[in-house]
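Q: There's a structure below that I have some questions on.
Derivation of every value follows stated rules applied to the coordinates shown; laboratory data play no part. Since we're looking at a predicted model, the values are computed, not measured. Glycine gets a Cβ as well: all are built from the backbone with ideal geometry, and neighbour counts include every protein chain shown.
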Amino acid sequence: MTQFKHSLAVLVALALTACGQSADDSKIAIDNGVPASDVETLPADDRASAPAQTGAAAPNATMPAAMPTQIPQSFHGRWGINRADCTSTRGDAKGLLTIDGARLTFYESKGTLGKVLGATPGSFDASYGFMGEGDTWERVERLRLVDGRLQRRTDAAPGQEPPVNLTYERCGE
């Protein structure tokens, strides 16, 4: 009930403000355990520049970090499904994946970063526009760093490659 009264009081204050009237905080009854006489009221001139008091934490304290615009540095490098993918000098490393800030490069295709769908320090989910063997397609790639390994997962989509669930080892640089 207290939350309802508080919400109602906020709505009344917003409605009065929208109509060009100022709401006197001491005249809005809010049952939050604080007597109305203890509520500090700013003079009308100071209200426009004062921060809103909604009970929420400061924006920087609760706002998530901005979504990255590039593949995070921790994923960059050369990754192989097996050791031979990392050491082949004949160009036949079919399990080699090279990652930089904007691309996933495979044996016969390249994916360019599109929309970032989610990111944490150990995960990166995004859509990519791929080109390879004369075709183009889009695909969501889910990358995870687990115990020094890269896990790569995708879902199947009509007319595209089957789903992928692979684990890669970082190649020695």
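Q: Local charge sum around Asp147 (other residues, Cβ-Cβ under 14 Å, Lys/Arg +1, Asp/Glu -1)?
A: Around Asp147, the charge tally is +2.
Q: Could you tell me the largest-minus-smallest coordinate of the C-alpha atoms of segment 73-170 on each of the three principal axes, in descending order and whole angstroms?
A: Here the Cα extents, ordered largest to smallest, are 35, 33, 22 Å.
Q: Once you list every other residue whose beta carbon is under 13 Å from the beta carbon of Asp125, what net charge do they have if Lys and Arg are +1 and Asp and Glu are -1? Numbers along the way, then the final one.
A: Numbers: positive: Lys115, Arg139, Arg142, Arg144, Arg152, Arg153; negative: Glu141, Asp155.
Here the charged neighbours net out to +4.
Q: Moving to a separate point now. Taking R0 as 25 Å, what FRET efficiency do you get between Val140 and Gln73 from their Cβ-Cβ distance, rounded to the nearest 0.05?
A: Efficiency at R0 = 25 Å is approximately 0.70.
Q: Just rank Asp147, Asp125, Asp92, Asp85, fewest to most, by other beta-carbon atoms within 10 angstrom.
A: Result, fewest neighbours first: Asp147, Asp92, Asp125, Asp85.
Q: Could I ask something else about it? Most exposed first by the Cβ proxy, i.e. fewest other Cβ within 10 Å, how do Leu145, Leu104 rank? Display every interim value, and only then the final one.
A: On the way: Leu145 17, Leu104 23.
Starting with the residue having the fewest Cβ neighbours, the order is Leu145, Leu104.
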